[in-house]
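We did not get these values from a lab; they are worked out from the coordinates using the rules stated. Keep in mind that this is a model prediction, so the values were computed, not measured. So basically every Cβ, Gly included, is an ideal-geometry build from the backbone, and we count neighbours across all protein chains shown.
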Amino acid sequence: MNIFGFSGLIRPLYSSVFIGVNLDGKVCSLKILRIKGEEILESFAKEYKTINSEMPMDAIKIIRTYQKKYPFTYLSTMSKSYNQGVFKKVGKEDFLKYGVNAKESNILNFENWKIYIKNSAIEENVEKFSKIKGLDYLFSPFIVIYHKIKDQMESKTTLYILQERSSISLLIADLEGIYFGGYFIVEGETDDVSENAQVSGITDDIFTDSFLDSRDDDLDDDIDELEDLGDSDLFIDELNERLLSDNQEDQAKQKIDDIVKVSVVFNMVQNSLREFYSNELYESKFIEKIIVLDAYGMSDGALHYLGENLMIEMHKVPISIVDELCMLSKIEFEKGKL
């Protein structure tokens with residue numbers, strides 16, 4: 001309880017700590033930013049392996065340590081849920097046209113657009129952090145995208161793709177406004193593709209940056225199998241060259257994962273564009289450019305594949321989600337200062 005603004009009086013005496021957490025597939029990313037006044041006293045990032053997308057104990061321990069030591073510690077994450085989206089700024093009577101129930105959702109207003117997330121989805125996100133005093137800030141992926149691109153937006157209508165290991169978030173925007181948004185989980189879909197052995201058609205198209213087989217067998221075994229194809233010496237030489245240049249099996253596995261993932265992402269983006277152009281609810285401007293906000297290290301081959309198949313100008317920009325979360329938390333903190 002803040003009696004007579006007491007916490008506002010003592011706050012300048014303490015550091016403010018902003019902790020951004022991003023659970024993305026089998027990786028938990030953590031960023032800790034400690035400031036006092038305008039001075040940055042501490043800033044570092046860590047990554048931990050996760051099981052079942054749960055908070056790892058090592059991450060929990062370090063967060064608890066800061067929460068105990070610094071009373072003004074603020075924890076933030078990005079919402080991971082299908083039950084969220086973007087829609088045009090309209091009256092409440094039109095919310096249901098966009099599938100939004102105002103009574104069951106949290107809605108934020110912007111100039112010509114709104115962001116919504118269902119209350120049940122907020123509860124699901126908050127539950128993941130119950131072991132560490134819960135969340136202070138839960139940010140929409142569309143806010144994360146907008147914060148990253150708002151100063152670089154152009155008159156060209158652009159599709160922005162926030163690409164994570166396990167999900168993608170789409171935002172269509174230009175200087176005049178925001179027109180469309182969507183969130184999609186990629187991880188389960190890529191598992192299905194692998195299980196059904198649907199990778200070979202993709203790898204033929206983007207072999208220049210990837211490999212032929214998507215199995216977890218030894219890569220040397222793959223080369224032996226290719227020798228059975230007959231007159232393929234040049235093919236084998238090229239594959240061996242790429243294997244040697246990569247030097248590490250985990251790098252090779254990352255490329256293979258990208259091959260699988262890019263086909264799923266392509267289908268999701270293509271279907272979203274069809275919806276955007278065909279549904280009268282959206283102001284269907286012609287999309288001139290796609291910018292991938294790359295949160296994990298997407299391969300150039302995957303980017304090339306997307307650009308060729310979508311036939312749209314394509315660019316890639318690195319992004320650290322936990323950095324963005326800390327910056328957004330600091331903005332919200334400044335707004336709420338007494």
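Assorted remarks:
- Pairs beyond 22 Å (Cα-Cα), from 26/114; 80/261; 150/285: 26/114
- Nitroxide proxy distance, nm - points 7 Å out along Cα→Cβ at residue 335 and residue 124: 2.5
- A simple spin-label model places the labels of residue 65 and residue 304 4.4 nm from each other, with each point 7 Å out along Cα-to-Cβ.
- Our estimate of slack between residue 39 and residue 156, defined as 0.36 nm per intervening residue step minus the Cα-Cα distance, is 38.3 nm.
- Estimated FRET transfer efficiency when R0 is 22 angstrom, pair residue 111-residue 277 (beta carbons, to 0.05): 0.40
- With 29 Å as the limit, the listed pairs 49/97; 69/316; 31/68; 88/148 have 49/97; 69/316 beyond it between alpha carbons.
- For residue 94 and residue 147, a Förster radius of 22 Å and the Cβ-Cβ distance give a FRET efficiency of 0.20, rounded to the nearest 0.05.
- Taking a ≥ b ≥ c as the square roots of the eigenvalues of the alpha carbon gyration tensor, region 93-164 is oblate, as a/c is not under 1.5 and a/b does not beat b/c.
- Over region 97-187, Cα pairs under 8 Å with separation of 6+ residues give a relative contact order of 19 percent.
- Placing unit charges on the Cβ atoms only, positive for Lys and Arg and negative for Asp and Glu, gives region 51-189 a dipole magnitude near 500 debye about its Cα centre.
- Sparse packing (at most 13 other Cβ atoms within 10 Å of the Cβ) combined with a DSSP loop state is found for the following trypsin sites (Lys or Arg not before Pro) in region 293-338: 337.
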